[in-house]
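The values are calculated or read from the model by the stated rules, or taken from the named source; none is laboratory data. If you're wondering where the values come from, they're calculated on a predicted model, not measured in any experiment. A quick note on method: Cβ atoms are made from the backbone with ideal geometry, for glycine too, and the neighbour counts reach across all protein chains shown. Accessible surface is based on the protein model in full, side chains and every heavy atom, while ligands, DNA and RNA are left aside. Shrake-Rupley method; radii C 1.70, N 1.55, O 1.52, S 1.80 Å.
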Amino acid sequence: MSALPESRRAARRQRSRPRYVLWGVLALIVLVILAVAWVGVRGLLAKRDLEASVSHVDTLKSQLTKGDTKGAQRTAKELEDSAAGARALTGDPVWALFERTPFIGENLAAVRQVSVIVDDVASNAVRPVAGVLGDVDVDAFKPQDGKIDLQPLMTAQPAVARATTALSEATRAADGIDTTDTVSAVTDAVRQLRTSLASVSEQAAVANKAVSLVPPMLGDDGARQYLVLFQNNAELRAGGGIPGAVALLTVEDGAIHLESQAAGSSFGPYEDPVLPLGTDTTGLYGSITGKYMQDVTLTPRFDTSAKLARQMWKQEHGQQVDGVLSIDPVTLGYILKATGPVTLATGDELTSDNAVQFLLSDAYAKYPDPAVQDAFFASAASAVFTKVSEGGFDPKEFIAALTTGVDEGRVKLWSADKGEQAELAGTAIAGELPKNDDSSQQFGVYLNDATGAKMDYYLEKTVSIGSEVCRKDGRPTWTVEVTLKSSAPADAATSLPEYVTGGGIYGVSPGAVRTNVAIYAPSSGVYVASSQDGKTASPQTAMDGKHPVAQFQALLSPGKSTTIRVQYLGGPGQATTPVDAVSTPGVHQKVTQPLSAGCESPVG
């Protein structure tokens, strides 16, 4: 057979070429479909694993709350497995290739980053802590023969430190995820991750400080002595109340002993402040802050109060304590939920239900002699302490009581050790002035009794705060509203003991209550205007450190109320920064309320 002419062979090649191109296109389409299916299937599987991880986290929280450490360890392993699965499913080359495609690429990248972060948290935070859960069971902290076993905390220190670092890194990574062009479901997931990490990271930082500080502060390296201030909320001070009683604690290797007690009234007056006071303190609260033990908490700066109390104790008793702890009767009521009722030397029974009323009101009627009152309060403190030191309490309830007390500003701690105090700084237990940063602008509302009596048992307080943009430059206008009301009986002047009403000794009619109200603004705040009961007010304006302060005075008869309203101008770029307020913890605790203030003047 003769060969085909060249022209016919060329024609055949021309006809075959579209066929090859078609097969190539089909093959490419099939590859794309397979790749899309691959990414889609793996995306669904990753979604399943991430949702499982969320479920495991919820279970883990519940188990830890209940003290189920064995169950928590199992759940931690399940969390680690599901998180690793999500990371593997979103980490292959095909997924990486599709991250570069328009429209869906940003979403795939965000999902992968979320998976990586969750896996890192499971491996580098949850795993190390889970490994020591059995050793740090809260029941292990129950004192035996007056002594707490500190070894579990010391063992947990490296794991908790590692977890804290991992959570901090995860928080920064989550903040770096770009959600500019992601779909709402992915955006919401990233937002939820950021919120959760911020909360957990903050809690881990506190836990890390706790496991680092508790052993040395409880004397694992030698005996320590602490002064305890029992603040009486019936006579308010900015820090909580007058230190009506003080006690000396000695701790060594986890063993705690109540050494001695004294009435706050037995300290002072001193001719001069026991330590030099700053002009900010004397300008707002007077030199008496450093002359009487009962006035050291006039300032909301607990470090200042603690140093003054420490020096007064040294002058009277010759002992230089290692730190100062503050607690109030409301917290004792919380602790009694953990211990159950205690019987006092007087025969009275103190319970979680009657503690506040008994200690801050009924005792004054039952024991009108101030010396007997002091003995009664000392007996109450000693009875609760004895029950706790002997291990007669529910550890979970006890930790919850202290946590609530710290959160409400009722429990404070200062250490004379500069390194330890630096670790305490920035935490709720340090009792510092309001904190201000990019995440929040915080006001402070502090009350000081000016009646010279115990009428604040009947004082009710409500704090509201709001922010509005009322200027073209975008700077916010902050409005703080404080309402005080006296719930004292109408016949308080005659029905209440003179020791409670003050008997008019300090110029306040019996039954009335006089209060100084100091409102601390963020450092960027500029005072604009204020009113009291709708009329223009003229408060004392001053500075305490970097905080502008406006101080007012209220005088209330039984059943009456007053409302103070203050406006401040916020700083540039703070229009969207949340505002909040902390305030003196009185007998009646209320959460700060949001305020829809608008842009009108506070007067009206």
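A few remarks follow.
- The P(r) of region 351-442 has a tail past 23 Å containing 48 percent of all C-alpha pairs.
- Asp473, Asp348, Asp362, ranked by accessible area, largest first (probe 1.4 Å): Asp473, Asp362, Asp348
- The angle between the Cα long axis of helix 105-121 and the main principal axis of the chain comes to about 50°, on a 0 to 90 degree scale.
- Accessible area per residue (1.4 Å probe, heavy atoms of protein chains only) ranks Arg74, Arg194 as Arg74, Arg194, with the largest value leading.
- Against the chain, whose longest principal axis is taken from its Cα atoms, helix 302-317 shows a tilt of about 40°.
- 16 Å reach of a label modelled at Asp58, 7 Å along Cα-to-Cβ, counting backbone N of region 169-212: 189, 192-193, 196
- Mean residue ellipticity, 222 nm, helices only, the chain: the sum of -39500 (n - 2.57) across DSSP H runs of n ≥ 4, divided by residue count and rounded to 500, is -14000 deg cm²/dmol.
- Measuring with a 1.4 angstrom probe and ignoring ligands and nucleic acids, Leu555 comes out at about 110 Å² accessible.
- D (Stokes-Einstein, µm²/s), Kirkwood Cα radius, region 498-556, 0.890 mPa s at 25 °C: 184 µm²/s
- Convex hull (Cα only) mean projected area of region 484-599, reported in nm² to one decimal: 9.0 nm²
- Cubic angstrom per residue, convex hull over Cα atoms of region 203-258: 97 Å³
- Degrees between helix 6-66 axis and first principal axis of the chain (Cα, 0 to 90, nearest 10): 20 degrees
- Accessible surface ranking for Ile505, Ile104, 1.4 angstrom probe, highest first: Ile505, Ile104.
- For region 536-604, radius of gyration divided by Kirkwood radius, i.e. Rg to Rh on alpha-carbons: 0.96
- Rounded to the nearest 10 Å², the accessible area of Ile177 at probe 1.4 Å: 10 Å²
- Only aspartates and glutamates eight or more places from Lys485 in sequence, or on another chain, were considered; those with a Cα closer than 12 Å are Asp456, Glu460.
- The local environment of Lys291, defined by Cβ-Cβ distances under 9 Å, has a net charge of -3 under the rule Lys, Arg +1 and Asp, Glu -1.
- Annotation for region 370-400 versus region 498-569: alpha-carbon center distance of 35 Å.
- J(HN,Hα) series, region 391-406, from Karplus relation 6.51 cos²θ - 1.76 cosθ + 1.60, nearest Hz, glycine and proline x: x, x, 7, 8, x, 5, 5, 5, 5, 4, 5, 5, 4, 5, x, 5
- Solvent exposure of region 169-226 as accessible area per residue, Å², 1.4 Å probe: 53 Å²
- Mean projected area of the convex hull spanned by the Cα atoms of region 396-444, taken over all viewing directions: 4.4 nm².
- Straight-distance candidates among the aspartates and glutamates for linking to Lys209, with alpha-carbon spacing under 15 Å and chain neighbours fewer than 8 residues away dropped: Asp417, Glu420, Glu423.
- The apolar share of the surface of the chain, taken as the fraction of accessible area on carbon and sulfur atoms (1.4 Å probe, ligands and nucleic acids excluded), comes to 55 percent.
- Straight-distance candidates among the aspartates and glutamates for linking to Lys366, with alpha-carbon spacing under 15 Å and chain neighbours fewer than 8 residues away dropped: Asp348, Glu349, Asp374, Glu498.
- Integer Hz, Karplus 6.51/-1.76/1.60 couplings in order for region 483-497, x for Gly and Pro: 10, 10, 9, 8, 9, 5, x, 4, 9, 3, 4, 10, 8, 9, x
- All Cα pairs of region 198-295, percent lying beyond 19 Å: 61 percent
- For the chain, dividing the convex hull volume of the Cα atoms by the residue count gives 202 Å³ per residue.
- Pairs from Lys147/Lys412; Lys435/Lys560; Lys147/Lys435; Lys396/Lys590 whose Cα-Cα separation, in the structure shown, is over 31 Å: Lys435/Lys560; Lys147/Lys435
- For region 383-534, projected area of the alpha-carbon convex hull averaged over all directions, nm²: 14.7 nm²
- Karplus 3J(HN,Hα) series, Hz, for region 188-203 with 6.51 cos²θ - 1.76 cosθ + 1.60 (x for Gly, Pro): 5, 5, 5, 4, 5, 4, 4, 4, 5, 5, 4, 5, 5, 4, 5, 5
- Computed log₁₀ I(q)/I(0) - Debye formula, equal Cα scatterers, no solvent, region 211-359, q 0.18 Å⁻¹: -1.12
- Using the alpha carbons alone, the radius of gyration of region 86-134 stands to its Kirkwood radius in an Rg to Rh ratio of 1.19.
- Relative contact order of region 446-553, pairs being alpha-carbon contacts under 8 Å that are 6 or more residues apart, as %: 27 percent
- Exposure check, 1.4 Å probe, all protein chains in place: Lys142 carries approximately 70 Å² of accessible surface.
- Label-to-label distance, nm, for residues given as Ala542 and Val591 (7 Å Cα→Cβ offset): 3.4 nm
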